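Below is one structure, written out as structure tokens, with a few remarks after it.
The values are calculated or read from the model by the stated rules, or taken from the named source; none is laboratory data. Predicted, not measured: the structure shown is a model, and the values here were computed from it. The accessibility values were calculated without ligands, DNA or RNA, using every heavy atom of the protein model including side chains. Shrake-Rupley method; radii C 1.70, N 1.55, O 1.52, S 1.80 Å.
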Amino acid sequence: MMSPPSFQSWLRPEASGLYCVPGDFHIDPHGAVPRAIITHGHSDHARPGHGAVLATADTLAIMRLRLGEGGLNQTQALAYGEALAVKDVSVRLVPAGHILGSAQVVIDYQGQRAVISGDYKRHADPTCDPFELIPCDLFVTEATFGLPVYRHEPDMGEVAKLLASLRDFPERTHQVGVYGLGKCQRLIALLRRAGYERPIWLHGALRSMTDYYLSRGFALGEVPSVTDAPDKLAGEIVLSPPSALGDRWSRRLADPLSAFASGWMRIRGRVRQRGVELPLIISDHCDWPELLRTITETGAREVWVTHGREEALVYELEKRQIVARALRLVGREDDVE
């Protein structure tokens, strides 16, 4: 009986990113390619200029909002779980649990299965489909928080910290730094789940993506723009890009108390560097225990690590007798989370 081909013979890292040879497509390439499968809409994964793009319908819509029609050429939407024959391989997209529309790419070829995770998380999120575990032979995983120090807190506990601070300092505006796609809308939904019914005010940069989530039926409540505020919003919650924390834009707010919702807030040095008074450890990626649990549960006999803390995760997997390698793909940004 012939042994199956090595994974490296049909799936390999190239200058433009991870390339599937028998399917003749790249996955999340950082440079323009003829054919690309895009796992989700964050800018370090979804770039303009590809000849053809395959993704979920939400990811394609998000890309159009972010890139404009000129940034996309030929597109094809694939529903979660729908199998598609692409030359000599079968491709499926399954939920990654990262943000709205995010997907893992499942590739079946000559009796072998590879799963490319994209960015993913295992925590429940009211604004996207939950992560779906797929048994596989090769698991290509991210490692954004691939160090033992990273252990995320329960998100509702972090939301409770924000609401407690709001009660303790009613004279101050609570300005929370959030990334515009995913984190912003998730935090709003978590605040609503915690019973917070007041308006949640938005920086203009968060408007278009939040409006897209609203158009998709997510119950985010009243989310007006700060430009429409009648006063300096003392005692209110304002969401803004992290770059707006402490800058001139913040002067329109009442003695703003700076908060930042991110997995990076686990690290005190990052908290001090950004001058954050209220760190909120809310992440859209797996922490260290979740990465290891997910890898184990896939049953993969080989694991490739695409970005983040690659060496630490590879070292840990090798200790566990799992074949692992770091791909060192370029073009991934740690801070987009």
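Computed values, structure above
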{"read-out": "For the range 117-216, convex hull of alpha carbons as volume per residue, Å³", "value": "142 Å³"}
{"read-out": "Between the range 154-189 and the range 1-73, the alpha-carbon center distance in angstrom", "value": "34 Å"}
{"read-out": "The range 203-285, accessible surface, carbon-and-sulfur percent (1.4 angstrom probe)", "value": "47 percent"}
{"read-out": "Distant-in-sequence amide H partners of A300 (H built 1.01 Å from N, under 5 Å)", "value": "C136"}
{"read-out": "Whole-Hz ³J(HN,Hα) from phi, Karplus 6.51 cos²θ - 1.76 cosθ + 1.60, for the range 170-177, glycine and proline x", "value": "x, 8, 10, 7, 8, 9, 10, x"}
{"read-out": "From phi via Karplus (6.51, -1.76, 1.60), per-residue ³J(HN,Hα) for the range 271-283 in Hz, x at Gly/Pro", "value": "4, 5, 4, 8, x, 8, 7, 10, x, 10, 7, 10, 10"}
{"read-out": "Stretch gain in nm, segment D211-Q110, where the contour uses 0.36 nm per residue and the Cα spacing is subtracted", "value": "32.0 nm"}
{"read-out": "Mean separation of Cα contacts under 8 Å, 6 or more apart, over the residue count of the range 153-235: relative contact order %", "value": "39 percent"}
{"read-out": "The range 9-106, accessible surface, carbon-and-sulfur percent (1.4 angstrom probe)", "value": "50 percent"}
{"read-out": "Hydrodynamic radius (Kirkwood) for the chain, which is based on Cα pairs only, to one decimal in Å", "value": "20.8 Å"}
